[in-house]
1. Return the pairs, sorted by first residue and then second, in which the second residue is assigned to a strand (DSSP E or B) and surrounded by fewer than 19 Cβ atoms within 10 Å (Cβ to Cβ), the first residue lies in the stretch 140-158 and is acidic (Asp, Glu), the beta carbons are less than 9 Å apart, and the residues are 6+ apart or on different chains.
2. Filter the stretch 278-303 down to residues that are in contact with a helix residue (DSSP H, G or I) (Cβ under 7 Å, 6 or more places away or on another chain) and of a type in the set (Val, Ile, Thr), then give me how many there are.
3. Tally up the residues in the stretch 5-22 that are crowded, with 18+ Cβ neighbours inside 10 Å and either of a type in the set (Asp, Glu) or not in a strand (DSSP E or B) (or both), please.
4. Which residue out of Thr137, Thr108 is touching a residue at least 60 places away in the same chain (Cβ under 8 Å) and closer than 21 Å to Tyr242 by Cα?
5. Within the stretch 175-201, which residues are of a type in the set (S, T, N, Q) and touching a residue at least 40 places away in the same chain (Cβ under 8 Å)?
6. Where in the stretch 93-203 are there helices (runs of 4 or more DSSP H), lying wholly inside it, with at least 1 residues that are out of contact with any strand residue (DSSP E or B) (no Cβ under 8 Å at 6 or more places or on another chain) and buried (at least 19 other Cβ atoms within 10 Å of the Cβ)?
7. Taking the criterion of being modelled with pLDDT of 95 or more, more than 15 Å from Lys260 (Cα to Cα) and either touching a Phe, Trp or Tyr at 6+ places or on another chain (Cβ under 6 Å) or aliphatic (A, V, I, L, M) (or both), would at least one residue in the stretch 211-223 satisfy it?
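The values are calculated or read from the model by the stated rules, or taken from the named source; none is laboratory data. These figures come from a predicted structure and were not determined experimentally. Reconstructed Cβ throughout: ideal geometry from the backbone, glycine too, with neighbour counts over all protein chains shown.
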Amino acid sequence: MVEFKKIEGLANTFFADIESKHVGDSYRIFVATPLMPEPDTKHPVLYALDGNANYAAAESIRLMSLGYELPQMHVVSIGYPVDTFAETMAVRQRDLTPNAGGALEATTLAGAGSASDYPPGGAAAFLDFLREELRPTIEAQFDVDPDDSILGGASLGGLFPTWVLLHAPESFNRYLCVSPSIWWNGEEVWQWEEAYAASHDDLPADVFFSAGSLEVREALEEQVRNSEMMPAEARDAVAASYDEHGWPRMAEITPEITAKLESRGYPGLTVRCYNMPYETHLSVPVAAILRGLRVFYGHWEIPAN
């Protein structure tokens, strides 16, 4: 049995390192349990990607649950036993991508480093880890409701849930796809969607798509071409590659995939989209995750306009 250790200084928070036979690597799993659990009750569980960076979402969720804005829930943050941000960025590109992509993807991931150590395309093995190793461990040791499971993340962490939704939707009950990088591999998402629709007459899931309203091409192009963070040579190289292979779409594509899924008329599907006003790719993840959870549990309705 995996031993979860208490994290001192954080209420009701535990961690453990889990070795995956499917991936051949270790994961650091953080579990934030409800602050005021209801007796003899199994609570919803959010499996949050990029756990090293996005643990803050767990504390926000717990705070909102105290005000009854969200139900009490477990938040399982899936991270890595590494010490630097650079290492986290490198290894996530393996787990959260379904294939290597093309030239645009190579350009986008170039800043992540260690591509030779963590090549893209490990999504299938990572999903096996989640379904066959992590979920059974969590469900055996914590009072989670196996019939109210949520998979969520942002950027590549939004690409992965979208890929799971269109390949193995039974893996989870709800999907939070924030700033999903579904421009991946020439917007291959449309091929996934067509293939799923051709062989299925239902898609039983509750889905929330979101992005920051500032995640549009014009803003991205301005950021890349005029960034003071990147050396001029690197900045020019990235811009030239995007000019050649296409600029990634974020805020533009979330309403499009939502509309396409809605058009299928799947009886078991509830899909909604709300792009967060005035948010960027870096500011939107936690805000959109919280908003999506409020939508799932009926504590906020998307405005008609």
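1. Every condition considered, the pairs that remain are Asp143/His43; Asp145/His43; Asp148/His43.
2. So the answer is 3.
3. Selection size over the stretch 5-22: 0.
4. Among Thr137, Thr108, only Thr108 is touching a residue at least 60 places away in the same chain (Cβ under 8 Å) and closer than 21 Å to Tyr242 by Cα.
5. Matches in the stretch 175-201: Ser179, Ser181, Asn185.
6. In the stretch 93-203, 103-109, 123-129, 156-165, 184-187, 189-199 are the helices (runs of 4 or more DSSP H) which contain 1 or more residues that are out of contact with any strand residue (DSSP E or B) (no Cβ under 8 Å at 6 or more places or on another chain) and buried (at least 19 other Cβ atoms within 10 Å of the Cβ).
7. yes
Residues are listed down the side, and each one gets a yes or a no for (1) touching a residue at least 40 places away in the same chain (Cβ under 8 Å); (2) part of a helix (DSSP H, G or I); (3) of a type in the set (A, V, I, L, M):
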site	(1), (2), (3)
Lys260	yes, yes, no
His281	yes, no, no
Leu290	yes, yes, yes
Arg294	yes, yes, no
Gly298	no, no, no
Glu301	no, no, no
Asn305	no, no, no
